[in-house]
Amino acid sequence: MKRQTRKLERKYRRLHTAESKTAWRQQFDAQRRLYQSKFTAFWLDTVSERRRDSRSLWRTVNSLLSPPLQSTSEKLTSDQFAESFRKNVDSIQTATASADPPVIVTRQAAPLSCFKPATVPEILCLLRKSPAKSCELDRAPTWLLKQLAPYTANSTWLTSAILKMDVTFPPHVVQFGRDLTE
């Protein structure tokens, strides 16, 4: 069931048709109903099996009603982490020391210089399709770049300047895509 759901999701993401989306959502809903019914059946069976033993029943019900405990992990220092990493690398090197070296077959690949440069309409199309998400590391919010793109696309210098500008936008502008005039 999970494999079929993933297959339909990949198909929808590739085709973006209403039919593929409907098929994927129906399969996803069926999968969710199946998991929910198995979950419910498991706990109903578990509770009914323990109904004669009140202590065991209470433990079962308590585990259902209590949030999971936070596991406390030991904090590692950077030196401990590095030592653990070195041990792992050494054990792998020891285990593979007697192995034959890998056979790497070279193949012909086109050099990057043979790619044609992107045209302005292609760049605008890519920008339109890209999500308007931003993070604090972005020089300018994505929504702003998308709004300015039609005006700056023909000017390579201006586009480059916008992308390289050293302006810090307030976090509320970057996170929520508000106008700079607010």
Qualifying GluC sites (Glu not before Pro) for the stretch 16-125 [loop in DSSP, other Cβ within 10 Å: at most 13]: Glu74
For Arg50, what residues show an amide H to amide H distance below 5 Å, using hydrogens built from the backbone and excluding near sequence neighbours? none
Can you give the charge dipole size of the stretch 2-65 about its Cα centre, rounded to the nearest 20 debye, using +1 on the beta carbon of Lys and Arg and -1 on the beta carbon of Asp and Glu? 360
Calculated on alpha-carbon atoms, Rg and Dmax of the stretch 3-95 in Å: 23.5, 57
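Just so you know, all these numbers are worked out from the coordinates, no wet-lab data involved. On a predicted model such as this, the values are computed, not experimentally measured, just so you know. Virtual Cβ from ideal backbone geometry, glycine too; neighbours counted across all protein chains shown.
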